[in-house]
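K.L.:
I am attaching a structure below and will ask some questions about it afterwards.
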Amino acid sequence: MDDITIDVLIIGAGPSGSVAAAHLFNQGLSIKVVEKSKFPRFVIGESLIPRCMDHFDEVGLLDAIKQADFEVKTGARFIKGDAVCEFDFKEKFTKGWDWTWQLPRADFDKLLTDELERKGVDIAFENEVVDVVFDSDGTSKTTVKNKDGEQYSIHAKFIIDSSGYGRVLPRLLDLDKPSSLGKHASLFTHVKDTNRPEGKEGTLITFDIINTESWLWVIPFSNGNTSIGFVGPIDFIESFKGTPSERFNEMLKLSDHYAERFKDSPLLFAPKEIKNYSKAVKQLYGKGYALTGNSAEFLDPVFSSGVTFATESALLASKLIVKELNNEQVDWEVDYSDYIKSGVSVFSTYVKEWYTGNLQTLFFHQPENKANKEQICAVLAGYVWDKSNPFVSKHDRLVKSLAYLIAMEEERDAQSK
Ligand code: FAD
């Protein structure tokens, strides 16, 4: 096959690669997306948060998604035994989108790439990036293997690595570093929701806490199926023995709220397990490349931030590449790395404080503090760059301090009884 020369190569056609491709294509750059799989393909990450609507809107993909009739998500419910904490995205501190979707990713990612192809974006499916060599000026030569095993080269001025867990450049350039988050695992599947209740209870996305560190998600889709996944420390998830389906069914019995609804629901595929899913890198960019989405960093499923982080980083990296190729000055450290890391660090605090139990203390404390709840709701909606929100600007202290005060108050009340 002949070599190809373009402005920007995008590795991976998940949400991150699709948003990057849409923006760069809209700006008139010559681009190519290289995607290892054939779409539709299964990928986990089905609950979106409102911030990503800004990204899909800005790159012109939102109207196509609206046609698909995915289940609308207006908030999220957390439950622990009888205690319930429900967030409504309408009641959030930061202005912005107050709804989004919960959807099967195979359909969603296919829809995005269909729309890109319709607009004229060149996507090579079943083509895998196997090697990348950079010149000192940042231009690169990428070796790609097509489905017939033939190899060809792509010469590009810039690469966006949106390869998710493929982690193409982190692997080739030795950029991986251990995540600061705990070692967790997840076992998940889709079920045919044959016993779905009428109304909101049937479609509400819920995080059900089994114990402080272990929980399950329930994400109903508009196609009548529901995604259920268990998350917890690896030894907890691995303490369930048997086939994946047997382990899944045993775990389901631990949910007081959902065991009955799903006990006879047929599993649509054997549950899949992912261990050690948290990922981090030493650097988010280098001469001639930027890492976006899961290829750069993944924290935890608990606040559904993965896709939004993927699209936020993709759109920002694409904008900076356009500037750089127009010979404008770009400070990648400040304009990309610092910005992305500040959002990641907010979410990272919330993930850590979820697993210490401090955030759960805040969520379930009665009576609710309306102002605090609205500020936390803005974080859960993905507006983690709004420094006027104290739960963003003081994230590293506020959750811990408030949980401590609540614990002191409860101790004082217990003693006075
Ligand atoms: P992906 O969607 O993974 O896309 C990467 C693409 O790159 C793939 O299509 C892959 O085939 C391709 N690729 C890989 N290697 C190569 C190669 N060598 N050459 C060419 N192409 C390649 N996020 C949420 O927002 N909400 C959730 O509810 C949620 N739940 C999660 C639950 C679990 C258990 C886990 C582990 C993650 C969850 N996530 C969730 C995170 C979510 O899955 C990711 O953040 C999201 O898919 C990242 O998108 P992406 O575009 O970066 O990568």
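K.L.:
Residue check: is A270 outside the structural domain of S140 (by TED's automatic domain parsing), of a type in the set (G, A, S) and without any contact (Cβ under 8 Å) to a residue 12 or more places away in the chain?
P.N.:
No, not satisfied.
K.L.:
If you don't mind, another one. Going through V121, V130 one at a time, which residue ends up being modelled with pLDDT of 95 or more, open to solvent by 20 Å² or more (accessible area, probe 1.4 Å) and not small (G, A, S)?
P.N.:
V130
K.L.:
Looking at the structure I just gave you, is D54 among the charged types (D, E, K, R), in a helix (DSSP H, G or I) and either more than 15 Å from the ligand (Cβ to nearest atom) or without any contact (Cβ under 8 Å) to a residue 12 or more places away in the chain (or both)?
P.N.:
no
K.L.:
So, in segment 299-349, of the ones that are touching a strand residue (DSSP E or B) at 6+ places or on another chain (Cβ under 7 Å) and free of Cβ contacts under 8 Å to residues at least 60 places away in the same chain, which residue ends up surrounded by the most Cβ atoms within 10 Å (Cβ to Cβ)?
P.N.:
Looking at the filtered set, the residue picked out is Y336.
K.L.:
Write out, first by first residue and then by second, each pair whose Cβ atoms fall under 9 Å of each other, whose residues are 6+ apart or on separate chains, and whose first residue, in segment 162-173, is more than 9 Å from the ligand (Cβ to nearest atom) while the second is in a helix (DSSP H, G or I) and open to solvent by less than 20 Å² (accessible area, probe 1.4 Å).
P.N.:
Correct list of pairs: L169/S295; P170/S295.
K.L.:
Further question on the same structure: Quick test for you: out of A20, A64, A13, pick the one residue that is within 10 Å of the ligand (Cβ to nearest atom), in a helix (DSSP H, G or I) and surrounded by 15 or more Cβ atoms within 10 Å (Cβ to Cβ).
P.N.:
Going through A20, A64, A13 in turn, just one is within 10 Å of the ligand (Cβ to nearest atom), in a helix (DSSP H, G or I) and surrounded by 15 or more Cβ atoms within 10 Å (Cβ to Cβ): A20.
K.L.:
Name the residue that is most open to solvent (accessible area, probe 1.4 Å), counting only residues in segment 23-51 that are not in a loop (DSSP other than H, G, I, E, B) and not polar (S, T, N, Q).
P.N.:
F25
K.L.:
Could you figure out which of (1) in a helix (DSSP H, G or I); (2) of a type outside the set (V, I, T); (3) at positive phi isn't true of D109?
P.N.:
If we test D109 against (1) in a helix (DSSP H, G or I); (2) of a type outside the set (V, I, T); (3) at positive phi, just (3) comes out false.
The values are calculated or read from the model by the stated rules, or taken from the named source; none is laboratory data. Because the structure is predicted, anything quoted here is derived from the model rather than measured. Reconstructed Cβ throughout: ideal geometry from the backbone, glycine too, with neighbour counts over all protein chains shown. Heavy atoms of the whole protein, side chains included, go into the accessibility calculation; ligands, DNA and RNA do not. Shrake-Rupley method; radii C 1.70, N 1.55, O 1.52, S 1.80 Å.
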